[in-house]
1. Can you name the number of the only condition in (1) at pLDDT below 95; (2) within 25 Å of Ala10 (Cα to Cα) that Ile218 fails?
2. Which is surrounded by 15 or more Cβ atoms within 10 Å (Cβ to Cβ) and either on the phi > 0 side of the Ramachandran plot or free of Cβ contacts under 8 Å to residues at least 60 places away in the same chain (or both), of Phe178, Phe138, Phe121?
3. Please tell me if Leu108 is assigned to a helix (DSSP H, G or I), within 27 Å of Gly25 (Cβ to Cβ) and free of Cβ contacts under 8 Å to residues at least 24 places away in the same chain.
4. Considering only the range 16-31, how many residues are in a helix (DSSP H, G or I) and surrounded by 20 or more Cβ atoms within 10 Å (Cβ to Cβ)?
5. Does Asn201 meet the test of being under 24 Å from Leu19 (Cβ atoms) and of a type outside the set (Phe, Trp, Tyr)?
6. Take Phe45 and decide whether it is in a helix (DSSP H, G or I), surrounded by 20 or more Cβ atoms within 10 Å (Cβ to Cβ) and aromatic (Phe, Trp, Tyr).
7. Just to be sure, is Met184 modelled with pLDDT under 90 and surrounded by 15 or more Cβ atoms within 10 Å (Cβ to Cβ)?
8. Considering each residue of the range 64-94, count those that are more than 16 Å from Ala137 (Cβ to Cβ) and either charged (D, E, K, R) or not in a helix (DSSP H, G or I) (or both), and give that number.
Amino acid sequence: MSILEVVILAIVEGITEFLPISSTGHMIITSTLLGIQQEPFVKVFEVCIQFGAILAVVVLYFKRFFKDLKFYKTLIVGFIPTGVLGLLLKKKIDMLLENVGVVAVSLLLGGIVLIFIDKYFSSDEKDDKTEVDYKTAFWIGFIQSISMIPGVSRSAATIIGGLTQKLTRKTAAEFSFFLAVPTMFAATAKSLLDERELIMNSLDQVWLLALGNVIAFIVAYFAMNGFVNYLNKNGFKVFGYYRIALGLTILVLLFLGVPLKIVD
């Protein structure tokens, strides 16, 4: 990987990780368009730069992470469904991760959902909840597991899961950020552990990982701030239209025979 490719992928990760537009989908699409070969280090890189993004959550919401023990209990409860299903379905998930067609269809269908989600859930949130209990956390975690399908978007799934439990948009979005911490930390740690020899044998690769995480951290920090403010004022519709446009574009390109597939 070149430094330019590292910078581009890290920016894409930082922008898309907490927006309801699928970071995994965008990473696959970006890698494809850049012609980046899916070598072992590239796959590790695309997973491990999530650490920078989750660090941005901890820094932005520093006080919440040192509030009380119940906060961590709700995160554990929310993480359980995805953790269990992720282990059971890992091989099938890995196969889907290299299918741009799956990404396109997921983006399209998810976009249609987001266009109508604001009408389904009232914008008057005065009676909605601002606290997440264990039952709500587990349900959101279960819905989050759907996002293992590339293109679905972990952020979209968890926020919608929160809205179904009568959380306010702000509370649902912030819990989505918080739940990303154990979920993405587990994925990052496993990837680093599995490929520790590959990474540690090259100082250049350590440097590229560090650079990617720093960039992802900075971009994600500002993206989260802007997203919560925008969501409160405008809802999901613009993200829905974006997903539909992107999904249709990819499907048209695939239909025309443009080679939008991961390079092995």
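1. Single failed check for Ile218: (1).
2. Phe121 is the lone residue from the list that is surrounded by 15 or more Cβ atoms within 10 Å (Cβ to Cβ) and either on the phi > 0 side of the Ramachandran plot or free of Cβ contacts under 8 Å to residues at least 60 places away in the same chain (or both).
3. Against the criterion (assigned to a helix (DSSP H, G or I), within 27 Å of Gly25 (Cβ to Cβ) and free of Cβ contacts under 8 Å to residues at least 24 places away in the same chain), Leu108 does not qualify.
4. So the count comes out to 9.
5. no
6. The answer is yes for Phe45.
7. yes
8. Matching residues across the range 64-94 total 5.
The values are calculated or read from the model by the stated rules, or taken from the named source; none is laboratory data. All values reported here derive from a predicted model rather than from experimental measurement. FYI the Cβ positions are ideal-geometry reconstructions off the backbone, even for glycines, and counts take in every protein chain you see.
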